[in-house]
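Contents: one structure, followed by commentary.
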């Protein structure tokens with residue numbers, strides 16, 4: 001760090017993204033990407049945009065916003081395309097926090113919330129999850145702060161119901177409630193239907209998970225028109241050309257091929273259930289995930305050791321050092337074949353651990369032999 005960095009940022013601890021090592025080919029189950037590529041239709045649309053790269057992209061993202069709004073059943077002025085859903089989170093901390101307006105979020109959740117709060121100079125409070133890793137919704141009632149909740153939560157994968165989300169929104173009429181729905185398509189209930197009922201609700205979604213476009217960086221904010229206008233004030237004050245032309249075209253192609261996305265989500269959910277069952281048979285405990293990942297710990301082997309052993313065997317998972325979750329690993333759901341390889345490698349790790357803790361032989365001593373041993377006589381090993 002140089003001597004020139006501002007005091008506001010000199011103590012900032014940056015977010016650590018999931019590792020992307022280049023030393024060899026890995027089975028990547030660590031960053032919750034889709035195991036499936038974008039559809040041919042979407043890739044073709046992106047390719048068409050390459051011939052227009054000499055021009056700036058549409059700063060209003062008009063065509064993409066209109067198409068996305070139509071798909072989710074809202075008006076075009078109630079959505080906002082952004083450079084990945086992380087950008088809308090940053091905009092929200094800037095627009096709806098600061099001064100006396102603090103922020104609250106769970107103490108075990110997406111790590112970027114804390115970083116964005118620090119970056120924007122926002123005072124925040126982290127609310128502990130329950131012993132079962134669930135969010136107690138009453139902890140967020142009348143928060144007198146902007147509320148940030150990932151649903152399903154990360155890294156636990158546990159989802160709140162739509163009714164529970166509504167209770168949080170309803171009990172914070174003077175506070176914006178942001179519901180981060182990065183993983184909503186794998187078993188959760190979206191809160192988008194509530195934006196016409198509550199003017200304090202902001203929903204974020206991403207194309208990085210269910211829509212197979214993590215490399216393109218595309219996300220959306222969904223809210224009433226006045227909240228979207230607030231966020232656009234921030235966007236046009238920082239980077240009005242935040243979504244590039246190729247990503248916009250890809251996004252339109254993805255939305256035009258919704259059947260492909262839905263089929264991939266179905267495959268991921270089925271594979272998650274398969275992998276959870278196999279993990280339990282190997283002595284793992286898992287949370288009730290509604291996401292495209294599994295949060296699991298082994299009953300006898302530490303999480304960091306499993307993470308390192310899997311990496312040595314060419315499989316990446318995500319390990320966290322937090323005290324309550326240090327024995328867990330977050331495992332992205334890959335293809336059925338990838339998850340089968342994972343299970344086989346875990347069997348090797350667990351088998352080696354079991355053998356290393358087992359005696360090489362057993363000494364069986366009869367009562368007569370026991371008397372002989374007391375006198376220092378020889379004995380037989382069976």
Among what's in the stretch 9-40 and is over 14 Å from the mean Cα position of the chain (by Cα) and surrounded by 15 or more Cβ atoms within 10 Å (Cβ to Cβ), pick the residue that is farthest from residue 208 (Cα to Cα). 26
Limited to the stretch 169-188, what total is found for residues that are free of Cβ contacts under 8 Å to residues at least 60 places away in the same chain, within 22 Å of residue 208 (Cα to Cα) and not in a loop (DSSP other than H, G, I, E, B)? 2
So which helices (runs of 4 or more DSSP H) stay within the stretch 36-100 end to end and still have 3 or more residues that are touching a helix residue (DSSP H, G or I) at 6+ places or on another chain (Cβ under 6 Å) and more than 30 Å from residue 271 (Cα to Cα)? 62-72, 85-96
Going by what's in this entry, would residue 239 be described as at pLDDT below 95 and in the same structural domain as residue 64 (by TED's automatic domain parsing)? yes
When (1) on the phi < 0 side of the Ramachandran plot; (2) in the same structural domain as residue 226 (by TED's automatic domain parsing); (3) out of contact with any strand residue (DSSP E or B) (no Cβ under 9 Å at 6 or more places or on another chain) are applied to residue 11, the one that fails is (2)
Verdict on residue 229 being buried (at least 22 other Cβ atoms within 10 Å of the Cβ) and outside any strand (DSSP E or B): no
All conditions in (1) assigned to a loop (DSSP other than H, G, I, E, B); (2) under 30 Å from residue 348 (Cα atoms) are true of residue 241 except (2)
Restricting attention to the stretch 189-213, which residues are over 12 Å from the mean Cα position of the chain (by Cα) and either in a strand (DSSP E or B) or under 20 Å from residue 18 (Cβ atoms) (or both)? 201, 202, 203, 204, 207, 211, 212, 213
Examine the stretch 51-62 for a residue that is assigned by TED's automatic domain parsing to the domain that holds residue 180, touching a residue at least 12 places away in the same chain (Cβ under 8 Å) and within 30 Å of residue 30 (Cα to Cα), and state whether such a residue exists. no
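The values are calculated or read from the model by the stated rules, or taken from the named source; none is laboratory data. Treat the numbers as computed from the prediction; the structure is a model and nothing was measured. Positions of Cβ are generated from backbone atoms using ideal geometry, with glycine treated the same way; all protein chains shown enter the neighbour counts.
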